[in-house]
Amino acid sequence: MDATATVGPVTPVGPTLRSERAQARRETLALLFRKPGFLIGVVILAMWAVFAVLGESIAPYDPFNDFARRHVPPGPEHLFGTDRLGRDVLSRVIVGARDVLLVAPLAAILGVVAGSLLGLIMGYYRGFIDDAISRVVEAFLSLPVILVALLTLVVLGSSTLVVVLVVGILFTPIVARTVRSAVLSERQLDYVTAAKLRGESGLYIITREIFPNVLGPIVVELTVRFGYAIFTIATLSFLGVGIQPPSPDWGLTVSDEYTNMISGKWWPTLFPALAIASCVVAVNLIADALQSLTGE
Amino acid sequence: MSALPNVEIEPTPPVPSKAAALKVEDLHLAYVVRGIPRPVLRGVSFEVKPGESYGLVGESGCGKSTTAYAAVRYLPRNARITKGRILVAGDDIVKKSGDELRTFRTRHASMVYQDPGSALNPSTKVGPQVVEAFTILGQDQKRARDSALAALQRVQIADPERVMGRYPHQLSGGMQQRVVIAMALASDPQLLVLDEPTTGLDATVEASVLDLVRALIAETSSAVLLIAHNLGVIRTMCDRVGVMYAGKIVEEGPAAQVFERPQHPYTVGLLRALPRHGVTKSERPLATIPGTLPQIGTPLPTCVFVDRCPLATDLCRDVDPPIVDVGNGQWTRCHHWDRIGEIKEPAPGLGQAAIEQGDMALQLDNVSKTFRSGGHDVPALVGVDLQLFDGETLGLVGESGSGKSTLAKTILGIEGPDVGSHITLEDHELGSLAAKRPSGDKRQIQMVFQNPDSALNRGKSVRSILGRSVSKLTGLSGKAVDDRVDKLADSLRLTQRHLDLKPRQLSGGLKQRVAIARAFAGDPRIVVADEPTSALDVSVQAAILNVLSELQAESRTSYLLISHDLGVVRYLADRIAVMYLGRVQEVGDSETIFRGPNHPYTEALLSAVPNIDGEVRTRIRLDGEVPSPANPPSGCVFHTRCPRVIKGLCEVTEPPLAEVEPGHLMKCHIPLEELRRLQAQRKELVVEEQSVGPVEEV
């Protein structure tokens, strides 16, 4: 055997690098599903998604036009009781998932897309652009979301499109700030310098070099904003400027029924309120799990 | 598994007579990652006697830091000690409860960490922090304060009252580390663990901190466990040394003996991979250790080093290597230790021939760079004149803050120089910023960064990283790009499989190869390498240095090499420029610089390097701190720290950068012959000391 120390060797790679990577990914996924919070969140959200899609076909009664006795308490006939017009609360809660699960994600996506765009530009260019946009962002951040949304919706009139736009735009500065700080730490890395040294344009560096690496925080931000959107939209509906009747939307129902709680008719209010809470909690459980994973 | 019986010769290394202050017995430790325990220590045994200093060396991932933290049982949550005992003064700390551990750490063990900046509380003055180290021992405020003053004096802080009134960030790194050491010694611990105590410090500061620690070790009866990746530090500080590999100690013995007569193939490889004894690229390539460290958690049935060992035989795969006592307290864990002599050094013929000086590639005239900070001008570069010739390597050395990196950035066009600076590439002047330079110029000057993790986009495959650079720098497209990428990969010895991977799936050395390939994508004239190997392990560093010198020989590219490691500079550089406070103090051939006579600053820098060959030298201590560039000293900027300062001259006039002998420029008032005489005197002193005492410098 020749015992000469080799010169400048080809460092061999284990034959399993690729499968190792796949395995690491599998392990990560397995870890995610082993987090009870994540599992609970996914199950709850999936349930509401199924309800939203199937809606009337699985609801025990017609949520709109099936008028029975008013304010029947929860019982075998009506599991969640009936509301002030005698409609089945369970059926309305099931179908009520539809509006919020359509509007909230759209608003969250709008806010995250617009916010990410701004954040990428601010974080990468710094200097004057950053200063200018930052001041506007800060001004927006100082406004109470609900109040501004309320005023805008009153002025513009309420429609699903306007609700999505208003909530989305109000989320934009918050997202922009988060993404900006992620970009700031990326742009200090030497690969950005290397890209500049070979003459890449700012647009290329932002979209092709930096963006893929800040996708993690953006996805987390998306889930967090989704949770807030559910809450915000329910609040707006409660205040009467969000989703409009005759939709069985949860916030709207709470708004219509809460005065009856004084006379002991708690069920038409409690069940939609619980539905809102379960959605927000579920989304936040998922967001937390994702965040702890990208943080590792 | 083989049918051969697995002879279990578990370590009972030669037992020293005195009772051990720290005794680690067959320690097995695993980290639980993604729910699966991954073994990191696989039966570590060693002991340290009171008053003895024991060093652990090895490359990153070998488990040396884990061992250090285990010795004070300060481990991350996911660490599990699966087997073994850790005895401090006879007490098993593995069995201790939370409260007992706290008392143990207060009274019996201390640790000094790598980064003193984060070991001190930034929002509290130094005084209360040091005092607290004594009040926790039960002293009242007044006594604790007196003790704190004494402790700071003990670590050679000249003005302890003043230092106690400062916040940590107002102290230099060396001063902070002294404070941390003073606190660690407060309880007069039985065990002192030092984890890379000087790694973040500059050479001259490192030297003085090491001197201090050595003096303290000599006067206390503490057992000292020192972790360092720098073999020179271990050699100068430790009585005994253990060489770790993949969670096992593979060789142990008296430090001088292990470094001079290593008996394990890994130790041999580690020592030969270092650029030592003034070896240069023109003599021979550096020896490397083939392969990579096994991944954490992979099962290693027998010898942990078997896959990379030049002596490995079937026996090594089938039977656990025995512990072989080779005498004088040295042992090795190897079947074939008697064949150690068969491991050959790389043949000298394979080195790169010296490159004769060619045409001028880059010329710097009066290059200055001033930053504005808090309303003040901070000059980072002042009137730098330098030339870089075709196919040569110019080494740039100097302590942090000397302006090396700023100079590199200015040449690359990352920072624009001040008005009046001229950077000429071949025949034309370069634009100040890279963005304004024509693509031809960008192609000519590229960079290799210090940290490949930061330099390579983690989201992209190696192929796309290289492909983009090729198409952007050369203007090629389609098939031609792929061909060029293949050719680049070939010359850096990257395989097709590597090209499809992402950076994080590659080892540190492979990542740096990718980064080098990218710099060479457009066949550049000049490559700036900023500490290209300082993030890498010794054996990987050797391979990268070999690759860099091969590429240079093939393409006649000029390198501007920035490094704090003088061994690396000596190996790769043809000429060397020494910088201090943004000014070039000395330029000359590598040989001239290392032979001397030198500028007094260079002399101090050269003498500060902890030496792995155990060669005695008197260290020149630089007093005071590096002055602030915002407010540089008058006259010669080095006069405030210069041991050879001429009063009345140096603080008044700045000497010019004058050619003192052909090709050797220096900025000093003292004539060359005088420097030669003074520096020869110093070396004689060393020889006398050597002939009197043993090879231990104190």
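The numbers here are math on the coordinates, done by the rules we state, and not lab data. Note that the structure is a prediction, hence the values are computed from the model and not measured. Using ideal geometry, Cβ is built from the backbone for each residue, glycine included, and neighbour counts are taken over all protein chains shown.
Overall, the range B:360-582 carries a charge dipole of about 1060 debye about its Cα centre when +1 sits on the Cβ of Lys and Arg and -1 on the Cβ of Asp and Glu, all other atoms neutral. Taking the number of Cβ atoms within 10 Å of each Cβ as an exposure proxy, the fewest-first ranking of B:ARG178, B:ARG261, B:ARG463 is B:ARG261, B:ARG463, B:ARG178. Per residue, the Cα convex hull of the range B:360-582 amounts to 127 Å³.
List the aspartates and glutamates whose Cα lies under 12 Å from the Cα of B:LYS404, skipping any in the same chain that are fewer than 8 positions away. The reachable aspartates and glutamates, counting only those whose Cα sits under 12 Å from B:LYS404, are B:ASP530, B:GLU531.
Rounded to the nearest 0.05, the FRET efficiency derived from the C-beta distance between B:VAL32 and A:ILE40 at R0 = 22 Å is 0.35. Computed over every Cα-Cα pair of the protein assembly as shown and binned at 10 Å starting from 0, the pair-distance distribution P(r) comes out as 2, 9, 16, 19, 19, 15, 10, 6, 3, 1, 0, 0 percent. Within 10 Å of the Cβ of each residue in B:339-347, the mean number of Cβ atoms contributed by other protein chains is 3. The ranking of A:TRP250, A:TRP266, B:TRP331 by Cβ neighbour count inside 10 Å, starting from the fewest, reads A:TRP266, B:TRP331, A:TRP250. Calculated FRET efficiency, B:LEU75 to B:LEU649, Cβ-Cβ distance, R0 = 60 Å: about 0.55 to the nearest 0.05.
Exposure proxy ranking for B:TYR571, B:TYR559, based on other Cβ atoms within 10 angstrom of each Cβ and starting from the fewest, stands as B:TYR559, B:TYR571. Pairwise alpha-carbon distances in the range B:174-234 exceed 14 Å for 55% of all pairs. When only the Cβ of Lys, Arg, Asp and Glu is charged (+1, +1, -1, -1), the dipole of chain B relative to its Cα centre reaches about 2300 debye. What does the C-alpha gyration tensor say about the overall shape of chain A? Classify as rounded when a/c is under 1.5, otherwise prolate if a/b is larger than b/c, or oblate. Oblate is the answer for chain A, as a/c is 1.5 or above yet b/c matches or exceeds a/b. With 32 Å as the limit, write out which pairs from B:LYS472/B:LYS511; B:LYS248/B:LYS409; B:LYS409/B:LYS472; B:LYS281/B:LYS460 have Cα-Cα distances beyond it, or answer none. Correct reply: B:LYS248/B:LYS409; B:LYS281/B:LYS460. Length gained on full extension, B:ASP490 to B:ASP385, computed as 0.36 nm times the residue gap minus the Cα-Cα distance: 34.1 nm.
Compared with the direct C-alpha span, the chain from B:ARG595 to B:ASP483 gains 35.8 nm at full extension, assuming 0.36 nm per residue. Note on the range B:532-605 and the range B:164-209: Cα centroid distance 29 Å, given to the nearest whole angstrom.
Here each label is just a point 7 Å from Cα along the line to Cβ, and for B:GLU100 and B:ASP325 those points are 3.3 nm apart. Which of rounded, prolate or oblate describes the range B:593-674 when judged by the alpha-carbon gyration tensor and an a/c cut-off of 1.5? Oblate, because a/c is 1.5 or more while a/b does not exceed b/c. Annotation for B:SER221 and A:VAL154: the two label points, set 7 Å from Cα along the Cα-Cβ direction, are 8.3 nm apart. Each of B:LEU545, B:GLY90, B:SER123 was placed along the dipole of chain B (beta-carbon charges, centred on the mean Cα), and the one lying farthest toward the positive end is B:SER123. Reducing the range B:94-133 and the range B:395-428 to their Cα centroids gives an inter-centroid distance of 43 Å. Computed from the C-beta positions of A:SER201 and B:GLN170 and an R0 of 45 Å, the FRET efficiency is 0.55 to the nearest 0.05. DSSP H helices in chain B with Cα extent of 15 Å or more along the helix axis and mean Kyte-Doolittle hydropathy at least 1.0? Span-like helices here: B:203-219.
The relative contact order of the range A:34-295, computed from alpha carbon pairs under 8 Å that lie at least 6 residues apart in sequence, is 27 percent.
In terms of the Cα gyration tensor, with a ≥ b ≥ c the square roots of its eigenvalues, is the range B:305-429 rounded because a/c is under 1.5, prolate because a/b exceeds b/c, or oblate? Prolate, because a/c is 1.5 or more and a/b exceeds b/c.
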